[in-house]
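The values are calculated or read from the model by the stated rules, or taken from the named source; none is laboratory data. This is a predicted model, so every value here is computed, not measured. Neighbour counts are summed over all protein chains in view; Cβ atoms, including those assigned to glycine, are modelled from backbone coordinates with ideal geometry. When the accessible area is computed, the model is the full protein with side chains, heavy atoms only, and any ligands, DNA or RNA have been set aside. Shrake-Rupley method; radii C 1.70, N 1.55, O 1.52, S 1.80 Å.
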Amino acid sequence: MQKLLTYPLEREGFRVVPARDGEEALQRFSDEQVDLVVLDVMLPKLDGLEVCRRLRAQSSVPIIMLTARDDEFDKVLGLELGADDYITKPFSIREFRSRVRALLRRASAPRADAERSVITVGELTIDLARRTVAADGRNVQLTYVEFELLRTLASNPGIVFSRQRLLEALWGGSDYREPRTIDVHVRHLREKLEVDPAEPRYIQTVRGAGYRFSEG
């Protein structure tokens, strides 16, 4: 699997840093400058879920999980641990390259809202240039996709975004992705930002339509 996925990426000019097991993956990550991580759940020594958890404790690097075809547990748990996207086996090389390119493109793209570098709503402050977030006087650590989701909503207060539109905003398209992925990331954001996640102040649900950010 590793060789199969490495070859098309190297043909497109990417430098691929391989690891044979979870322990080596963590070591290679600490030794190398990494722009994106692809993790198979079924890794020797440390499985992909544990590697994801440990990476998230130190970095917001984009992470794609490779999961079994019908293993809903792995998909949900991967997102819970901070994965930004997942691909279900079996998958095509075309789909794999598309997902990798989409995350890398989003991570390196210049922001159209750069002139509005800081967004402040109540006790929440989002520094778009530095990619930092503070809520109620504490710094909040977000994953890459969590920050992008928050940035998209907060930059357009009051505007309702459907799940489909958010998938397109975050990954450049909704192909191969399930809308409920957005629900998981929204729940994570609420748990990190809100005083009471059950009564959200910042990210509001619009029943039957999607989500919007508070206008103040």
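Which of 133, 92, 122 sits closest to the plus end of the dipole of the chain, meaning its Cα is farthest towards the positive end, when Lys and Arg get +1 and Asp and Glu get -1 on the C-beta?
The one lying farthest along the dipole's positive direction is 92.
What whole-number distance in Å separates the alpha-carbon centres of segment 129-196 and segment 1-51?
Centre-to-centre distance over Cα atoms comes out at 26 Å.
When ranked by the protection proxy of mean other Cβ atoms within 10 Å per residue, highest first, what sequence do the peptides 77-88, 20-31, 147-158 form? It would help to have the intermediate numbers written out before the result.
On the way: 77-88: 22.0, 20-31: 15.6, 147-158: 19.0.
Answer by packing, highest mean first, reads 77-88, 147-158, 20-31.
Sorting 118, 17, 133 by accessible area (1.4 Å probe), largest first, what list results?
Largest accessible area first, the residues go 118, 17, 133.
Let me know the charge dipole size of the chain about its Cα centre in debye, to the nearest 20, where only the beta-carbon of Lys, Arg (+1) and Asp, Glu (-1) is charged.
540 debye
Within the chain, how many Lys pairs that are eight or more residues apart, or on different chains, come under 23 Å at the alpha-carbon?
6
Write down the accessible area per residue of the chain in Å², having rolled a 1.4 Å probe over the full set of protein chains.
Ligands and nucleic acids excluded, the result is 53 Å² per residue.
Would you work out which of 197, 150, 77 lies farthest towards the positive end of the dipole of the chain? Charges go on Cβ: Lys and Arg +1, Asp and Glu -1.
So the residue furthest toward the plus end is 150.
Specify which labelled value, from (1) 17.4, 51; (2) 15.7, 49; (3) 17.7, 56, agrees with Rg and Dmax of the Cα atoms in Å derived from the coordinates of the model shown.
Computing Rg and Dmax of the Cα atoms in Å and matching it to (1) 17.4, 51; (2) 15.7, 49; (3) 17.7, 56 gives (1).
What do you reckon, how do 146, 178, 10 stack up by accessible area (1.4 Å probe), largest on top?
10, 178, 146
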